[in-house]
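K.L.:
The structure is given below, and queries will be raised subsequently.
The values are calculated or read from the model by the stated rules, or taken from the named source; none is laboratory data. For clarity, every value in this text was computed on a predicted model and none was experimentally measured. With ideal geometry, Cβ positions are generated from the backbone for all residues, glycine too; neighbour counts draw on all protein chains shown.
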Amino acid sequence: MTRSLTILGATGSIGRSTADVVLAHRDELSVEAVVGGRNALALAEVARRLGAKFAALADERGGAALREALSGSGIGSGAGQAAVLEAAEREADIVLAAISGTAGLAPTHAAVKPGRRIALANKESLVCAGDAFMADARRLNAEIMPVDSEHNALDQALAAGRSGDVEKAIITATGGPFRTTPKEQIAKAGAKAASAHPVWSMGSKINIDSATLMNKGLELIEAHHLFGLEPERLDVLVHPEAIVHGLIQWSDGAITAGLALPDMKVPIANALRGDKRLRMELSRLDLAAIGRLSFERPDEDRFPCLSLAKAALRAGGAMPTILNAANEIAVEAYMAGAIGFYDISEIVERVCSTFSGRQILTPSTVAEALAIDNEARETARRLIPAPVEAAQAR
């Protein structure tokens, strides 16, 4: 039976990999709608390639260009937030949610419908509004299937036992571009060096989160909500080869691990599967050729963002929302050259400290989460040097 699919974030790296999976299984997957950010021509191309029924562009200014690019195709189109929400709410069996950043939270939440599967690649849905998002998913009997390679590996490994028998769920990190770089050199590194990920091809913001290890901290928060595991049962290991993506350590001492080559089409295919796995004509993992797999503890002195994320997870409530908002603003400023590498963690810590003395309730709705997110962003922006000051400092 053919299952219908909507792709939120169709022009990004996850969306492009998803298109490859769909095209390899046209007899099993059809595309209802695709959503992109600002590139009307790229969105029109993927909509035509996949035979989508509807295409929505987040940037309202690109609406005319999208209509023109789709002229004669019979594919409907729209632009702006209302069109994005329309795409998310259209009838589809599966919605792959891969819009990056907090911008993806509202459409991902809108896609949660009774009996529907959400193939989740948008971290912010769980980091910013995890309690509310998962509560709505349970209430509506929607299935949340993780797409991130780490969480997808954990999801598969957890099939080997009961969650109550889990001692540790461990996600892995490559260590990023600065894994072996001395702290003094890291402090001087610019955004170009920080965004040069050694293994994965991702967007600049996610690459920088990988360089600071904030990405792993956010993934711990995700894992907490996805699998209902307490912070003390979650951990991170640095694994430069990026072959082992997640491990479950059981109460009897056994470990079940999820291994695969670092190719996002592997977890995407798993997240889109029906009663049986989708066969993918990809290179197969040859452990003998690789020879050895290495692991090490993350250095939280050189990468303090990981410690900050762990603290936010332990604190709970709205603190993960605040952490994520401050980080997005700080990374944006770093990419613009306004601040240095370690200013990212300093700004995040200062924003979290500002809110820690206040009684801020856990967001019970996505709207509440977005309101807290907005306040935290404004607090972070006030800590960014003005452009002229930044220029003088340099």
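K.L.:
Can you tell me which residues in the range 113-122 are buried (at least 24 other Cβ atoms within 10 Å of the Cβ) and either assigned to a loop (DSSP other than H, G, I, E, B) or over 12 Å from the mean Cα position of the chain (by Cα) (or both)?
P.N.:
Across the range 113-122, the qualifying residues are ILE118, ALA121, ASN122.
K.L.:
Cβ-Cβ distance below 7 Å, separation of 6 or more or different chains: which pairs start in the range 173-198 with a residue that is over 23 Å from LEU237 (Cα atoms) and free of Cβ contacts under 8 Å to residues at least 40 places away in the same chain and end on one that is surrounded by fewer than 18 Cβ atoms within 10 Å (Cβ to Cβ) and of a type in the set (Val, Ile, Thr)?
P.N.:
none
K.L.:
Residue by residue through the range 251-297, note down the ones that are under 24 Å from the mean Cα position of the chain (by Cα), charged (D, E, K, R) and under 30 Å from ALA92 (Cα atoms).
P.N.:
ASP263, LYS265, ARG273, ARG277, listed by residue number.
K.L.:
So, one more: Sort out which residues of the range 26-43 are surrounded by fewer than 19 Cβ atoms within 10 Å (Cβ to Cβ) and within 18 Å of GLY274 (Cβ to Cβ), and write them in order of number.
P.N.:
Correct list: ARG26, ASP27, GLU28, SER30.
K.L.:
Scan the range 73-105 residue by residue and report those that are within 15 Å of THR6 (Cα to Cα) and within 16 Å of the chain's Cα centre (by Cα).
P.N.:
VAL95, LEU96, ALA97, ALA98, ILE99, GLY104
K.L.:
A further question follows. If you scan the range 263-291, which residues turn out to be among the basic types (Lys, Arg) and under 14 Å from ALA24 (Cβ atoms)?
P.N.:
LYS265, ARG273, ARG277, ARG279
For every residue, the table says whether it meets (1) closer than 25 Å to ALA10 by Cα; (2) surrounded by fewer than 24 Cβ atoms within 10 Å (Cβ to Cβ).
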| residue | (1), (2) |
| --- | --- |
| ASP148 | yes, no |
| ALA153 | yes, no |
| GLY176 | no, no |
| THR180 | no, yes |
| SER204 | yes, yes |
| THR212 | no, no |
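Results for (1) surrounded by fewer than 15 Cβ atoms within 10 Å (Cβ to Cβ); (2) over 30 Å from SER356 (Cα atoms); (3) not assigned by TED's automatic domain parsing to the domain that holds ARG116, shown as yes or no for each residue.
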site	(1), (2), (3)
PRO231	no, no, yes
GLY246	no, yes, yes
GLY253	yes, yes, yes
ALA269	no, yes, yes
LYS276	yes, yes, yes
ILE290	yes, yes, yes
ASP301	yes, no, yes
PRO304	no, no, yes
LEU308	no, no, yes
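K.L.:
Quick one: which of ALA52, ALA65, ALA79 is in contact with a Lys or Arg (Cβ under 9 Å, 6 or more places away or on another chain) and among the aliphatic types (A, V, I, L, M)?
P.N.:
Only one candidate passes the filter, namely ALA79.
K.L.:
Could you tell me how many of the residues in the range 124-162 are small (Gly, Ala, Ser), assigned to a helix (DSSP H, G or I) and under 15 Å from ALA254 (Cβ atoms)?
P.N.:
3
K.L.:
For ALA10, are the conditions met, namely being part of a helix (DSSP H, G or I), in contact (Cβ under 8 Å) with a residue 12 or more places away in the chain and buried (at least 21 other Cβ atoms within 10 Å of the Cβ)?
P.N.:
Spelling it out, it is not the case that ALA10 is part of a helix (DSSP H, G or I), in contact (Cβ under 8 Å) with a residue 12 or more places away in the chain and buried (at least 21 other Cβ atoms within 10 Å of the Cβ).
K.L.:
Let me ask you something else. Does LEU282 qualify as being closer than 30 Å to LEU361 by Cα and either at pLDDT 95 or above or assigned to a loop (DSSP other than H, G, I, E, B) (or both)?
P.N.:
No, not satisfied.
K.L.:
Still on this structure, I have one more. Would you point out the residue of the range 364-374, among those that are touching a residue at least 12 places away in the same chain (Cβ under 8 Å) and either touching a Ser or Thr at 6+ places or on another chain (Cβ under 6 Å) or closer than 19 Å to GLU328 by Cα (or both), that is surrounded by the fewest Cβ atoms within 10 Å (Cβ to Cβ)?
P.N.:
ASN374
K.L.:
Output the strands (runs of 3 or more DSSP E) that fall wholly within the range 14-92 and possess 2 or more residues being of a type outside the set (Phe, Trp, Tyr), in contact with a strand residue (DSSP E or B) (Cβ under 8 Å, 6 or more places away or on another chain) and in contact (Cβ under 8 Å) with a residue 40 or more places away in the chain, or say none.
P.N.:
Hits in the range 14-92: 29-36.
K.L.:
In addition: List the residue pairs whose Cβ atoms are under 6 Å apart, where the first residue sits in the range 107-118 and is assigned by TED's automatic domain parsing to the domain that holds GLY36 and in contact (Cβ under 8 Å) with a residue 60 or more places away in the chain, the second is crowded, with 23+ Cβ neighbours inside 10 Å and outside any strand (DSSP E or B), and the two are 6 or more positions apart or on different chains.
P.N.:
Sorted first by the residue in the range 107-118, then by its partner, the pairs are PRO107/VAL84; PRO107/ALA88; THR108/ASN122; THR108/SER125; ALA111/ALA88.
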